[in-house]
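Engineer: Here it is: the structure, laid out below.
The values are calculated or read from the model by the stated rules, or taken from the named source; none is laboratory data. Computed from a predicted model, the values in this text were never measured in an experiment. A quick note on method: Cβ atoms are made from the backbone with ideal geometry, for glycine too, and the neighbour counts reach across all protein chains shown. For accessibility, only protein heavy atoms count, side chains too; no ligands or nucleic acids. Shrake-Rupley method; radii C 1.70, N 1.55, O 1.52, S 1.80 Å.
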Amino acid sequence: MPNVSYLKALNRAIGDEMDRDEAVCVFGEDVGVAVTHTTAGLLKRFGPDRVLDTPISEQAFTGFATGAAMAGLRPLIEFQIPALLFLVFEQIANQAHKFSLMTGGQTRVPVTYLLPGSGSRESWAGQHSDHPYSLFAHVGVKTVVPATPSDAYGLLATAIRDDDPVVVFAPSGALGVREDVDLADLAPVPLGVGRIHRAGTDVTVVAVGHLVHDALAVAEELAGSISVEVFDPRSLFPFDWSGLAASLERTGRLVVVDDSNRSCGIGAEIVATAAEEMRLVAPPRRVTRPDGAVLPFARALDLACQPTRAQLRAAVEKAVGAG
C-alpha cells in the first residue's frame, strides 16, 4: 500500500480533477515551477492554457478567477502565504461568495482557494504565519482544514467540484504527514461531515487541522487514566454540529484545540454552541494562540505562541477533574 504524503495528496487531487473536468484550471504565482510542490508536473501535463503563472498581484488574479468561474471555468488559486488572503478578502467574501445569492442562483462561482502551508512555519514571522480560517467561516464562505493526506485529497476534490467558493487551508504542521493508503480508495469527502479519529468516553477533544495529530498523541499518553475521543471537524463551514453533539452525548466534556487567536476564533464558536445546545457535565475549555497573537521571527517566541501538547493535556485533565 503506497505511503502518500500530504503534499502529494493535494497534487494528486488537482491532477485527477483536471483529468476529470477540462474546466478545471490553476492560477497563481510560480505554479508552473511548483515552488510549493502542490502543482508539481501539472504544467507539463496540462499546458500553459490551464496552468497559468500570474503576475504578483493577488487582488488582480483573484478577481480574474471570479470572472473566469462565472464564465464557466473552475479555477483553483494557490496562495503561497496565508496573509495574502487579507489582500483578497473583499474579492472572496463580498464578490465571489455573494454573486450566486444576489442573482437568485443564476450565477455560479466555483473557485477554490488553496493555502498549501497556512499557520506557522519555523521563523516565518508575523506576516507569514496566520491561520485566518475563522474569518471565512464567519462570513459563510465554505472553509475546510484537512488533517491527513486522504482527507486532503478528498476535501480538495470536493472543493474543486463545488459550485460555490471554497477556501482550503492546508496547515504547515500537516504537510509532513504521511499515510498508508490504497490510491484506489482516495475519493471526495463531503463538506460538513466530521471524523472521529479515536473513540473515547471521558472527554471530546475537537482538534483543527494538524492539531489532530497532537490530540491523538495526548490521547495515547493519557490512555491509562482518561479515555479521550478525538473529533476532527474537517470543514469549519459547514460544521458538523450533529456529529459533535453525538460525541458529547457519549463524553459530556469538551476541550477545543485551535492554532489561531483566542478571541472570536472558531474555538470560541465551538465552545459557545456546545454550551448552548449540547450535553456538557463540566465547563468546556479552549487551547489556542494568545489574544491578538502576531508570531515573531525568534523561534522560541514563535513556539511559545502556539498551542502545545502540554497545554492540551492540562486542559483535558482539568476537564475531567484529574488535575
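Engineer: If Ala137 satisfies every condition in (1) of a type in the set (A, V, I, L, M, F, W, C); (2) closer than 28 Å to Ala69 by Cα; (3) surrounded by 23 or more Cβ atoms within 10 Å (Cβ to Cβ) but one, which is the exception?
Structural biologist: (3)
Engineer: Output the number of residues of the range 194-238 satisfying the condition of being of a type in the set (A, V, I, L, M), in a strand (DSSP E or B) and open to solvent by 30 Å² or more (accessible area, probe 1.4 Å).
Structural biologist: Restricting attention to the range 194-238, the residues satisfying the condition of being of a type in the set (A, V, I, L, M) are 196, 199, 203, 205-208, 211-212, 215-219, 222-223, 226, 228, 230, 236.
Keeping just the survivors that are in a strand (DSSP E or B) gives 196, 203, 205-207, 228, 230, 236.
The next check asks that each one be open to solvent by 30 Å² or more (accessible area, probe 1.4 Å); those that pass are 196.
Result for the range 194-238: 1.
Engineer: Need pairs with beta-carbon distance below 9 Å; first residue polar (S, T, N, Q) and within the range 97-112, second open to solvent by 30 Å² or more (accessible area, probe 1.4 Å) and assigned to a helix (DSSP H, G or I); sequence gap 6+ or separate chains.
Structural biologist: Listed by first residue and then by second, the contacts come to Thr107/Met70; Thr107/Phe99.
Engineer: What are the residues in the range 1-24 that are over 13 Å from Thr39 (Cβ atoms) and either over 16 Å from the mean Cα position of the chain (by Cα) or among the small types (Gly, Ala, Ser) (or both), if any?
Structural biologist: In the first step, residues of the range 1-24 are kept if they are over 13 Å from Thr39 (Cβ atoms); the result is 1-6, 9, 16, 19-23.
Across the range 1-24, the qualifying residues are Met1, Pro2, Asn3, Val4, Ser5, Ala9, Asp16, Asp19, Arg20, Asp21, Glu22, Ala23.
Engineer: Separate question: Given the options Phe64, Phe79, name the one that is aromatic (Phe, Trp, Tyr), touching a residue at least 12 places away in the same chain (Cβ under 8 Å), within 30 Å of His128 (Cα to Cα) and open to solvent by less than 70 Å² (accessible area, probe 1.4 Å). Break it down stepwise before answering.
Structural biologist: Numbers: Phe64 fails: open to solvent by less than 70 Å² (accessible area, probe 1.4 Å).
Exactly one of Phe64, Phe79 is aromatic (Phe, Trp, Tyr), touching a residue at least 12 places away in the same chain (Cβ under 8 Å), within 30 Å of His128 (Cα to Cα) and open to solvent by less than 70 Å² (accessible area, probe 1.4 Å), namely Phe79.
Engineer: Another question, if that's okay. Go through the range 180-229 and report how many residues are among the β-branched types (Val, Ile, Thr) and closer than 16 Å to Leu312 by Cα. I'd like the intermediate steps shown before the answer.
Structural biologist: So in the range 180-229, the residues among the β-branched types (Val, Ile, Thr) come out as 181, 189, 193, 196, 201, 203-206, 208, 212, 218, 226, 228.
Those left that are additionally closer than 16 Å to Leu312 by Cα: 203-206, 208, 212, 218, 226, 228.
Within the range 180-229, residues that are among the β-branched types (Val, Ile, Thr) and closer than 16 Å to Leu312 by Cα number 9.
Engineer: Can you tell me how many residues within the range 123-156 are assigned to a loop (DSSP other than H, G, I, E, B) and either among the β-branched types (Val, Ile, Thr) or closer than 23 Å to Glu179 by Cβ (or both)?
Structural biologist: As a first pass, look at the range 123-156 and keep what is assigned to a loop (DSSP other than H, G, I, E, B): 123-132, 140-141, 145-148.
After this cut, where a residue has to be either among the β-branched types (Val, Ile, Thr) or closer than 23 Å to Glu179 by Cβ (or both) as well, the list is 131, 141, 145-148.
Of the residues in the range 123-156, 6 are assigned to a loop (DSSP other than H, G, I, E, B) and either among the β-branched types (Val, Ile, Thr) or closer than 23 Å to Glu179 by Cβ (or both).
Engineer: Can you tell me how many residues within the range 239-263 are open to solvent by 10 Å² or more (accessible area, probe 1.4 Å), of a type in the set (D, E, K, R) and within 20 Å of the chain's Cα centre (by Cα)?
Structural biologist: 2
Engineer: Just one of Ala40, Ala9 is over 24 Å from Phe86 (Cα atoms), touching a residue at least 24 places away in the same chain (Cβ under 8 Å), assigned to a loop (DSSP other than H, G, I, E, B) and open to solvent by less than 90 Å² (accessible area, probe 1.4 Å); which is it?
Structural biologist: On the way: Ala9 fails: assigned to a loop (DSSP other than H, G, I, E, B).
Just one listed residue meets the conditions, Ala40.
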